[in-house]
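These notes concern the structure reproduced below.
The values are calculated or read from the model by the stated rules, or taken from the named source; none is laboratory data. Model, not experiment: these values are computed from the prediction. So basically every Cβ, Gly included, is an ideal-geometry build from the backbone, and we count neighbours across all protein chains shown. Surface areas here come from the heavy atoms of the whole protein model, side chains and all, with no ligands, DNA or RNA. Shrake-Rupley method; radii C 1.70, N 1.55, O 1.52, S 1.80 Å.
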Amino acid sequence: FKSHTDEVTCLAFSPDDKYLASGSSDRSVRLWDVENGAFVRAIDAGCAVSGVAFMADGKLASAGDDQLVRLWDTQSGKPLETLRGHAGSVVSLLSTSDGKALVSGAMDATVRAWDLERGEEAFLLRGHTDPVLAVCFHPDGRQLASGSSDCRVKIWNAVPQGVRSLAGHQRDVWSVSFSPDGTRLASASEDKTAKVWDVRTGDALLSLE
């Protein structure tokens, strides 16, 4: 079957904008041709998928409830590499702007970065007390942000050190995103609000209800 058989949980465009990858709770990743919407191929991910990301060389990464990050050959759909380290389901996944590294957030309350050239964990960030549900990169690539079930948003240096913890949400934070100029960070929560933060000071600038 071409279509997913369960909820679609994540999406990612290929670097050349030729393909769209969709991940699903049906344990598959599917590739679609962006120009005409045609189904290209399905990849058996081996678990319910909650994150997909393309690398600069066109390889595809997926992650989900088996606690692993997997790399795939998009042309053949065959597995290339498995990255191990998380002790809980991986909830969020994204690649760096240069496509050389991956960052993941998981139910084990950690953020992990992966060096794909060496095929190993580059660094581990601890600081959240509940599952990490969202991660995003600052435009300059030197900081990243995370959102968690602990209701906190954190901004980190791209090294194992927490920079700032932003308190204000009352429920799980499911999405974080830096502004294009990197001066603001937006977060969205189950408390029915979206908040905009000053990245430099950590002050809340707006609360959108």
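Summary table
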{"item": "Equivalent ellipsoid semi-axes - Cα gyration tensor, region 118-191, angstrom", "result": "20, 16, 10"}
{"item": "Low-density loop positions, GluC sites (Glu not before Pro), region 62-138 - DSSP coil, at most 16 other Cβ in 10 Å", "result": "117"}
{"item": "Where the Cα pairs of region 86-147 fall when distances are cut into 10 Å bins, in %", "result": "24, 58, 18, 0"}
{"item": "Surface per residue (accessible, 1.4 Å probe) for region 42-128, Å²", "result": "41 Å²"}
{"item": "Portion, in percent, of the accessible area of region 1-76 that falls on carbon or sulfur, probe 1.4 Å", "result": "47 percent"}
{"item": "Alpha-carbon centroids, region 31-84 and region 90-129: separation in whole Å", "result": "16 Å"}
{"item": "Entries in 78/100; 78/192; 59/192; 2/195; 100/192 that, when Cα-Cα distance is taken, lie over 30 Å", "result": "78/192; 59/192; 2/195; 100/192"}
{"item": "Karplus 3J(HN,Hα) series, Hz, for region 69-76 with 6.51 cos²θ - 1.76 cosθ + 1.60 (x for Gly, Pro)", "result": "10, 10, 10, 10, 7, 6, 6, 9"}
{"item": "Three-way shape call for region 1-66 based on the alpha-carbon gyration tensor, with the a/c threshold at 1.5", "result": "oblate"}
{"item": "Region 85-209: C-alpha gyration tensor shape, a/c 1.5 cut-off, then a/b vs b/c", "result": "oblate"}
{"item": "Amide H contacts of residue 166 (H built 1.01 Å from N, under 5 Å, at least 5 apart or other chain)", "result": "153, 154, 155"}
{"item": "Trypsin sites (Lys or Arg not before Pro) within region 125-209: DSSP coil, no more than 15 neighbouring Cβ in 10 Å", "result": "142, 171, 192, 200"}
{"item": "Interchain or long-range residues, amide H under 5 Å from residue 64's placed H", "result": "50, 90"}
{"item": "Heavy atoms of residue 100: accessible area, 1.4 Å probe, square angstrom to 10", "result": "120 Å²"}
{"item": "Residue 208-residue 17 pseudo-label distance in nm [points 7 Å out on the Cα-to-Cβ vector]", "result": "2.4 nm"}
{"item": "³J(HN,Hα) computed for each position of region 82-98 - Karplus, 6.51 cos²θ - 1.76 cosθ + 1.60, integer Hz, glycine/proline x", "result": "10, 9, 10, x, 5, 10, x, 3, 7, 9, 9, 8, 7, 9, 5, 4, 8"}
{"item": "Estimated FRET transfer efficiency (residue 56, residue 76; beta-carbon r; R0 22 Å; 0.05)", "result": "0.70"}
{"item": "Net lengthening on full extension, residue 200/residue 8 (0.36 nm per residue, minus Cα-Cα)", "result": "65.6 nm"}
{"item": "DSSP-assigned coil residues among trypsin sites (Lys or Arg not before Pro) in region 51-93, each with at most 13 further Cβ atoms within 10 Å", "result": "84"}
{"item": "For the chain, alpha-carbon Rg over 2.2 N^0.38 Å", "result": "1.00"}
